[in-house]
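K.L.:
Okay, here's the structure, questions in a sec.
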Amino acid sequence: MSETSGKESAALTHAELLQLKRWNTPTIYNGWEQITHRDPAADAFNLEETRDFMPQMGPMVGYAVTVVIAPSDKRHREANPQAWEEYRQYLADVSGPKIVCVQDLDKPQVIGSFWGEVNSNAHRALGCVGTIVDGGIRDVDEMTNAGFKALARRLCVGHAHSHPVRWNCPVEVFGRSVSPGDLIHADKHGFLVIEREEQAGLLEAARFMDTNECQTVIAAARNSAGQSSDDLLKALNDAGRRFKENARQKFARDGEW
């Protein structure tokens, strides 16, 4: 069942989300660490290994919608036979793009998959672009064909007793807590969870730090042809200082180089 209700407006426009999708998740992290008050060594990203089963689709960006499942336990289906209808209504009531974050109570076992050809197509129709599921998926080619990206622990064969247990609630996936409305950026490296108060400044920070790298430390490294070791080391050190100073002037922080 749903634990919260209500509908909040998105912090970013669709155009801004599309711009965030142009970069990989580590690049978004580089911007996020400049604006967060959290610990960039411990917060926001997945703490356990996950696998991107559709890396050819590139990054996915969207707002978290959440659901808890327990495919080994058929009692949940018997307790609430209307759960699927209520869960789908929840999805329909939330603005997109949405990423479905699924906590599997069977962890560390994988008994059955919430995802397959049918469910991925239904979720795509409801404005969901993909999922992060701390469990298994199946029908991976058909999910890809539906345009539905998945980060998961592994593949599996059956669906078992997959059934929504509760939804629109905080969940834990791959060691990271996710709440409805969090902004998710995910790719083959893992995923990043951006809380609402940090979302508005994320695009500008990511763009600035990417440009900062290209104009300083990366440029110095790629202009090294024909330089002596002493000249190259001086260029790299000078570029590193410029990189840090640029970040300090923009964010009152040093950057990571």
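The values are calculated or read from the model by the stated rules, or taken from the named source; none is laboratory data. As the structure is a computational prediction, the values presented were derived from the model and not from experiment. Note that each Cβ is placed from the backbone with ideal geometry, even for glycine, and that neighbours are counted across all protein chains shown.
K.L.:
Within segment 131-168, which residues are within 20 Å of the chain's Cα centre (by Cα), closer than 16 Å to TYR87 by Cα and outside any loop (DSSP other than H, G, I, E, B)?
P.N.:
Within segment 131-168, THR131, TRP167 meet the criteria.
K.L.:
Let me ask something else about it. What's the number of the condition PHE114 fails, among (1) within 28 Å of HIS189 (Cβ to Cβ); (2) in contact with a Leu (Cβ under 6 Å, 6 or more places away or on another chain)?
P.N.:
(2)
K.L.:
Also, I was wondering about something else. Between residues in segment 161-173 that are more than 11 Å from VAL100 (Cβ to Cβ) and touching a residue at least 12 places away in the same chain (Cβ under 8 Å) and residues that are of a type in the set (A, V, I, L, M) and part of a loop (DSSP other than H, G, I, E, B), which pairs lie under 6 Å by C-beta distance while being six or more apart or on different chains?
P.N.:
The qualifying pairs are VAL165/ALA70; ARG166/MET1.
K.L.:
Among PRO59, PRO55, PRO97, PRO26, which is of a type outside the set (Phe, Trp, Tyr), in contact (Cβ under 8 Å) with a residue 12 or more places away in the chain, in the same structural domain as PHE148 (by TED's automatic domain parsing) and crowded, with 20+ Cβ neighbours inside 10 Å?
P.N.:
PRO59
K.L.:
Here is a further query. Output yes when any residue across segment 232-248 is touching a residue at least 40 places away in the same chain (Cβ under 8 Å) and either in the same structural domain as ARG38 (by TED's automatic domain parsing) or crowded, with 22+ Cβ neighbours inside 10 Å (or both), and no when none is.
P.N.:
Within segment 232-248, one or more residues are touching a residue at least 40 places away in the same chain (Cβ under 8 Å) and either in the same structural domain as ARG38 (by TED's automatic domain parsing) or crowded, with 22+ Cβ neighbours inside 10 Å (or both).
K.L.:
Mind listing just one residue for me: the one in segment 27-48 that is part of a helix (DSSP H, G or I) and not β-branched (Val, Ile, Thr) and, of those, nearest to ILE218 (Cα to Cα)?
P.N.:
In this case the residue turns out to be ASN30.
K.L.:
Would you check which residues across segment 69-94 are touching a residue at least 12 places away in the same chain (Cβ under 8 Å) and loosely packed, with under 12 Cβ neighbours inside 10 Å and list them?
P.N.:
Hit for segment 69-94 is ALA92, nothing else.
K.L.:
Mind listing whichever residues of segment 207-219 are touching a Gly at 6+ places or on another chain (Cβ under 8 Å), free of Cβ contacts under 8 Å to residues at least 60 places away in the same chain and among the hydrophobic types (A, V, I, L, M, F, W, C)?
P.N.:
Answer for segment 207-219, where residues must be touching a Gly at 6+ places or on another chain (Cβ under 8 Å), free of Cβ contacts under 8 Å to residues at least 60 places away in the same chain and among the hydrophobic types (A, V, I, L, M, F, W, C): just VAL217.
K.L.:
Only one of SER72, SER95 is in a loop (DSSP other than H, G, I, E, B) and closer than 30 Å to TYR29 by Cα. Can you tell me which?
P.N.:
None of the other options fit; the residue is SER95.
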